[in-house]
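Some notes on the structure that comes next.
The values are calculated or read from the model by the stated rules, or taken from the named source; none is laboratory data. Predicted model, so just to flag it, every value in this text is computed and none were measured. Here Cβ is always computed from backbone atoms with ideal geometry, including for glycine, and neighbour counts include all displayed protein chains. Just the protein is used for accessible areas: all its heavy atoms, side chains included, with ligands, DNA and RNA removed. Shrake-Rupley method; radii C 1.70, N 1.55, O 1.52, S 1.80 Å.
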Amino acid sequence: MKKRFKDTYTAELSRQILEAEIQPDQGVFRSILNMFKVNRAALLGLVLIVLIALMAAFAPMIARYDPNALDLTSMRAAPSPAHWFGTDDLGRDVFARVVYGSRISLMIGFIPSLISLVLGTVLGLMAGYLGKVADGIIMRVADVVLAFPSLLLAMVVMYTLGSNILNMFIALSIINWAGTARVVRAQTLSLKEKEFVEAARSMGVSRARIVFRHILPNCLPNLIVLFTLDIPGSIMWESSMSFLGVGDPNAASWGLMVSQGKGYAYMCPWLILAPGLAILVTVMAFNFLGDGLRDAIDPYMKT
Amino acid sequence: MPNILEIKGLVASFASDGVRERAIAVNGVDLAIPAGKTVGLVGESGCGKSVTSLSVMGLLADNGRVEAGEALFGGVDLLKLSDRELRKIRGNRISMIFQEPMTSLNPVITVGKQVAEALRLHSGMDRQAAKARTIEIFEKVGIPEPERRYACYPHQLSGGLRQRVMIGMSMVLKPDLLIADEPTTALDVSIEAQILRLMRDLQRESGMSILMITHNLGVVAEICDLVYVMYAGEVVERADVNALFAHCAHPYTRGLMASLPRMTPKGQRLYNIRGTVPNLRAMPSGCRFSPRCEFATERCRVEKPPLADIGGGHLCRCFAPESGEGPMGGVSR
């Protein structure tokens with residue numbers, strides 16, 4: 001009996017070793033999948049983001065009203081089966097406006113984050129790898145941007161360029177790139193001293209190729225996390241700016257809706273509650289996802 | 001015998017923060033690598049072995065600089081080439097293997113792609129051809145299941161396999177010279193033996209020269225034809241490998257040999273060279289080894305001995321080579 005146990009035990013061991021040989025390590029993506037199994041908040045975040053994205057994509061099928069159609073017979077109507085989230089001061093359906101607003105807000109979340117991601121990555125790589133003068137110039141500019149109060153900086157940009165959604169993208173990119181550049185620079189500084197960079201150089205690989213083909217892929221996990229955390233940041237900044245009245249008055253974002261509804265906050269709380277909750281849920285969903293991704297990726301960044 | 005690489009009077013220095021004077025890491029090294037031979041470059045840490053090879057490749061760190069000397073490779077002085085011209089030589093005609101096979105492969109790129117990159121860079125092969133050639137070379141360097149290993153990331157391979165990948169990468173373009181910077185230091189002895197045998201087989205097949213940088217005299221005995229011993233940035237002895245192990249002349253080399261553990265009667269203490277390597281900024285006058293040398297005389301402390309031929313091309317930087325018997329006794333293999 002004892003021998004049988006030992007046999008099966010060794011068989012099991014050798015099977016495990018064999019599998020370990022075939023599947024020696026999980027890799028970053030497997031570790032992210034596992035993270036979703038354990039970290040329910042991150043999973044919730046992912047599900048919510050998918051739902052919000054679907055809502056934005058199929059807005060006309062979800063909302064029964066045109067978000068801009070005025071109905072002067074029912075202004076500031078309370079939530080009812082006809083108007084789920086009530087109507088605003090011009091009789092527009094708040095539910096429809098929240099649904100359509102997701103398009104604007106997601107765009108505001110993604111586009112500036114993407115621009116600042118690319119800009120920050122390229123500048124950070126240059127600063128880190130070239131060093132010396134390039135490093136000095138890029139990082140001093142980044143310091144100035146980071147030292148300046150972000151909201152004020154973005155508002156100045158909006159005032160100078162004019163209040164439309166394109167300028168909003170520019171303003172948000174300007175306040176966001178510096179943080180990314182700092183992270184990428186720091187990582188480049190440590191990566192460029194690694195032996196594999198020296199090995200690549202000893203194989204005759206050019207500088208540009210080393211930076212983009214050898215160093216950049218090593219930064220990617222961090223960049224994914226930065227990107228997911230930049231998105232809710234951008235949405236928040238846009239909401240704040242629209243609330244303060246420097247947003248694009250024609251882009252019906254959630255921030256703008258809160259701003260327009262604030263005058264009626266006591267009488268018609270649904271005017272600010274609906275878009276406010278939409279902002280809250282979206283921002284939290286992205287933050288949950290970003291935090292989860294960071295936890296899953298962190299151990300890989302330490303080695 | 002023609003030399004594939006001839007380094008003459010190489011001087012390399014490093015700057016460090018807060019010190020105006022540059023530290024001279026390599027001080028006038030002459031080194032010749034005959035075609036098809038394996039040359040060992042031996043010495044303790046910090047004696048300038050790696051700096052010598054990195055200078056030749058133009059790969060010194062940002063604070064390093066070649067001050068003087070030339071490195072003739074096929075009639076061209078490598079030290080005078082621009083970075084662009086050097087890139088065509090690196091990997092293609094001179095390639096390197098490094099000490100730590102884990103860190104010298106990029107962790108996020110599959111090993112196959114890394115080898116194929118070198119191929120595509122220098123020979124302009126297309127993706128398919130490069131892949132086929134890579135799998136071929138993997139097979140040659142003894143990597144089992146090369147097709148599957150092609151798609152593996154470095155962390156999925158063992159240390160020995162990774163070093164085989166590195167060797168494959170350095171051999172794939174059939175270089176004239178392979179610079180191996182302590183290629184087996186991070187491996188255990190049985191893998192070390194395999195790797196050395198592999199390098200020797202590949203050399204026999206391709207006729208390339210090898211510059212083997214190591215501090216392991218066992219490796220030297222195993223694979224080298226000719227040995228240079230370096231101490232404090234200078235060559236102190238050069239000899240044929242058999243001559244060196246039969247009767248090394250310089251007190252430093254003799255000390256190195258004597259400090260190898262061997263089968264001796266129980267209770268006998270292992271020899272060690274007293275003192276430490278001198279500071280690069282405060283080199284002793286005269287012979288650089290004199291403060292640690294048991295046979296040093298007044299002359300050694302004042303006057304610097306030349307690298308002189310003591311017979312049969314055996315060079316030694318000492319006024320009294322093979323003088324005295326000392327505690328290390330008659331050291332021989």
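Suppose all protein chains stay in the model; what accessible area per residue would a 1.4 Å probe give for chain A, in Å²? The partial results should precede the final answer.
On the way: 15650 Å² over 303 residues.
I get 52 Å² per residue for chain A.
Which percent of Cα-Cα pairs in segment A:192-303 sits in each 5 Å bin, short to long?
2, 11, 14, 13, 11, 10, 8, 8, 7, 6, 5, 3, 1, 1, 0
In the protein assembly as shown, what % of DSSP beta bridges are antiparallel (nearest 5)?
60
Would chain A count as rounded, prolate or oblate if I go by the C-alpha gyration tensor, calling it rounded below 1.5 in a/c and otherwise prolate when a/b exceeds b/c, oblate otherwise?
The shape class here is oblate.
Work out from phi, with θ = phi - 60° and the Karplus expression 6.51 cos²θ - 1.76 cosθ + 1.60, the ³J(HN,Hα) of each residue of segment B:59-68, listed in order in whole Hz, and give x for Gly and Pro.
Calculated HN-Hα couplings, in order: 10, 4, 4, 4, 8, x, 8, 7, 8, 7 Hz.
Taking amide H atoms as placed 1.01 Å from N in the peptide plane, list the residues 5 or more away in sequence, or in a different chain, whose amide H sits under 5 Å from that of B:Leu5.
B:Ile33
So, counting K/R as plus one and D/E as minus one, what does the shell of residues with Cβ under 10 Å around B:Tyr228 add up to?
Value of the local net charge: 0.
Measure nothing but the geometry: give the 0 to 90° angle between the long axis through the Cα atoms of A:132-147 and the longest principal axis through the Cα atoms of chain A, rounded to 10°.
Taking the Cα atoms of chain A, the angle to A:132-147 is about 40 degrees.
With a 1.4 Å probe on protein heavy atoms only, tell me which residues of segment B:154-173 lose at least 10 Å² of accessible surface in the complex relative to the chain by itself.
Correct list: B:His155, B:Gln156, B:Met169.
For B:Tyr231, list long-range residues whose amide hydrogen, built 1.01 Å from N in the peptide plane, is under 5 Å from its own amide hydrogen.
Answer set, sorted by chain and number: B:Val236.
Cβ under 15 Å from A:Val283's Cβ, A:Val283 left aside: what net charge do those residues give with Lys, Arg +1 and Asp, Glu -1?
Overall, the nearby charge balance is -3.
When each pair of different Cα atoms in the protein assembly as shown is counted once in the 1/r mean, what is the Kirkwood radius in angstroms, to one decimal?
After inverting the mean inverse Cα-Cα distance, the result is 29.6 Å.
Taking square-rooted eigenvalues a ≥ b ≥ c of the alpha carbon gyration tensor, is segment B:272-315 rounded, prolate or oblate, where a/c under 1.5 means rounded and, failing that, a/b exceeding b/c means prolate?
Prolate shape, in that a/c is at least 1.5 and a/b is the bigger ratio.
Using a Förster distance of 45 Å, how high is the FRET efficiency between A:Met267 and A:Leu146, based on the Cβ-Cβ distance and rounded to 0.05?
0.60
Give the separation of the Cα centroids, segment B:33-55 to segment A:129-194, in Å.
Between the Cα centre of segment B:33-55 and that of segment A:129-194, the gap is 46 Å.
Calculate the FRET efficiency for A:Val281 and B:Ala151 from the Cβ-Cβ distance with a Förster distance of 35 Å, rounded to the nearest 0.05.
0.25
At a probe radius of 1.4 Å, figure out the A/B buried accessible area, summed over both chains, and give it in Å² to the nearest 100.
Answer for the A-B pair: about 2200 Å² buried.
Amide H of B:Glu67: which non-local residues (sequence gap of 5 or more, or other chain) have their own amide H closer than 5 Å, using H built in the peptide plane?
B:Val11, B:Ala12, B:Ser13
Under a 1.4 Å probe, what is the accessible area of chain B per residue, stated in Å²?
Accessible area per residue, chain B: 44 Å².
Work out from phi, with θ = phi - 60° and the Karplus expression 6.51 cos²θ - 1.76 cosθ + 1.60, the ³J(HN,Hα) of each residue of segment B:26-43, listed in order in whole Hz, and give x for Gly and Pro.
With the stated coefficients, segment B:26-43 comes to 10, 10, x, 8, 10, 8, 10, 10, x, 4, x, 10, 10, 10, x, 10, 10, x Hz.
Report, to the nearest whole %, how much of the accessible area of segment A:39-302 belongs to carbon and sulfur atoms, 1.4 Å probe, protein only.
Looking at segment A:39-302 in its full context, I get 71 percent from C and S.
Decide, for segment B:232-316, between rounded, prolate and oblate: order the square roots of the alpha carbon gyration tensor eigenvalues as a ≥ b ≥ c, take rounded if a/c falls under 1.5, and otherwise choose prolate if a/b is larger than b/c, else oblate.
It comes out oblate by the Cα gyration axes.
Over segment B:3-230, what number does the Rg to Rh ratio reach, with both radii from the alpha-carbon atoms and Rh per Kirkwood?
0.97
Quick one: pull the percent of accessible area on segment B:1-123 belonging to carbon and sulfur, 1.4 Å probe, ligands and nucleic acids left out.
Heavy-atom surface of segment B:1-123 belonging to carbon and sulfur, 1.4 Å probe: 49 percent.
On a C-alpha basis, how far is the centre of segment A:242-303 from the centre of segment B:238-317 in Å? Whole number, if you could?
Comparing the Cα centres of segment A:242-303 and segment B:238-317, I get a distance of 74 Å.
What are the ³J(HN,Hα) couplings of segment B:105-117, residue after residue, when phi is run through the Karplus curve with 6.51, -1.76, 1.60 and θ = phi - 60°? Round to Hz, x for glycine and proline.
10, 5, x, 9, 10, 5, 4, x, 4, 5, 5, 4, 4
Kindly state, to the nearest 0.05, the FRET efficiency for B:Glu298 paired with B:Glu139, given R0 = 51 Å and r defined as their beta-carbon distance.
0.25
Under a Cβ-Cβ cut-off of 12 Å, what is the net charge of the residues other than B:Ser206 that fall near it, where Lys and Arg count +1 and Asp and Glu count -1?
Here the charged neighbours net out to +1.
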